[in-house]
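Chemist: One structure is given below, represented as structure tokens, and several questions about it will come after.
The values are calculated or read from the model by the stated rules, or taken from the named source; none is laboratory data. Keep in mind that this is a model prediction, so the values were computed, not measured. Quick reminder, even Gly has a Cβ in these numbers, built from the backbone with ideal geometry, and neighbours come from all protein chains shown.
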Amino acid sequence: MPDNIKKGDRVIVDPYIYCGHCYPCSVGRTNCCENLNVIGVHVDGAMQEVVTHPAHLIHKIPDNVPSEMAPLAEPLTIALHALHRANVKAGEYVAIIGAGAIGLMAALSARHYKQRLF
């Protein structure tokens, strides 16, 4: 287990196991790893009492983050990344397609940045 995590801590497990050696990994694009394995897709899942996983892919949830908010971190970062890449300014219109977690986070983020929704 990582040094900063002890038994009983709340954690998030990154399910994307990357090699760290291929070109995408070498430039920080581990999500594009040529040897990527995803838990529950390429390797057995985690629906069991005991799971082993690479320590660097286990992240402690900060104490100030409520348990019900922690799972929203991933869809929120995707939504924010999309809005930043689109370079939409305050007052401009943005169309969000999809009402799943990412779409909802994008809508909330757009409102926060004072962007107008279709």
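Residue by residue, here is whether (1) closer than 30 Å to residue 114 by Cα; (2) surrounded by 15 or more Cβ atoms within 10 Å (Cβ to Cβ); (3) of a type in the set (Ser, Thr, Tyr) holds:
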| residue | (1), (2), (3) |
| --- | --- |
| 1 | no, no, no |
| 21 | no, no, no |
| 26 | no, no, yes |
| 43 | no, no, no |
| 57 | no, yes, no |
| 63 | yes, no, no |
| 74 | yes, no, no |
| 97 | yes, no, no |
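Chemist: Quickly run through the stretch 88-104 and pick out the residues that are of a type outside the set (Gly, Ala, Ser) and not in a loop (DSSP other than H, G, I, E, B).
Modeler: 93, 94, 102, 104
Chemist: What single numbered condition from (1) assigned to a helix (DSSP H, G or I); (2) in contact with a helix residue (DSSP H, G or I) (Cβ under 8 Å, 6 or more places away or on another chain); (3) under 28 Å from residue 96 (Cα atoms) fails to hold for residue 24?
Modeler: Going through the list (1) assigned to a helix (DSSP H, G or I); (2) in contact with a helix residue (DSSP H, G or I) (Cβ under 8 Å, 6 or more places away or on another chain); (3) under 28 Å from residue 96 (Cα atoms), residue 24 breaks only (3).
Chemist: Related question: If residue 107 passes every condition in (1) touching a Gly at 6+ places or on another chain (Cβ under 7 Å); (2) part of a helix (DSSP H, G or I) but one, which one does it miss?
Modeler: Only one criterion is unmet by residue 107, namely (1).
Chemist: Could you give every pair whose Cβ atoms fall below 8 Å, whose first residue belongs to the stretch 90-110 and is at positive phi, and whose second residue is in a loop (DSSP other than H, G, I, E, B), counting only separations of at least 6 or pairs across chains?
Modeler: Sorted first by the residue in the stretch 90-110, then by its partner, the pairs are 91/114; 91/115.
Chemist: Another question, then. Return yes when residue 29 is more than 16 Å from residue 53 (Cβ to Cβ) and basic (Lys, Arg) and no when it is not. Give the derivation first.
Modeler: Working: more than 16 Å from residue 53 (Cβ to Cβ): yes; basic (Lys, Arg): yes.
Yes.
Chemist: Using the structure shown, decide if residue 36 is surrounded by 14 or more Cβ atoms within 10 Å (Cβ to Cβ) and free of Cβ contacts under 8 Å to residues at least 24 places away in the same chain.
Modeler: Answer is yes for this residue.
Chemist: Please tell me if residue 11 is surrounded by 10 or more Cβ atoms within 10 Å (Cβ to Cβ), over 20 Å from residue 78 (Cβ atoms), under 15 Å from the mean Cα position of the chain (by Cα) and not assigned by TED's automatic domain parsing to the domain that holds residue 78.
Modeler: Criteria met by residue 11.
Chemist: Would you be able to tell me the number of residues in the stretch 29-68 that are of a type in the set (A, V, I, L, M, F, W, C), assigned to a loop (DSSP other than H, G, I, E, B) and closer than 16 Å to residue 7 by Cα?
Modeler: Final tally of qualifying residues: 3.
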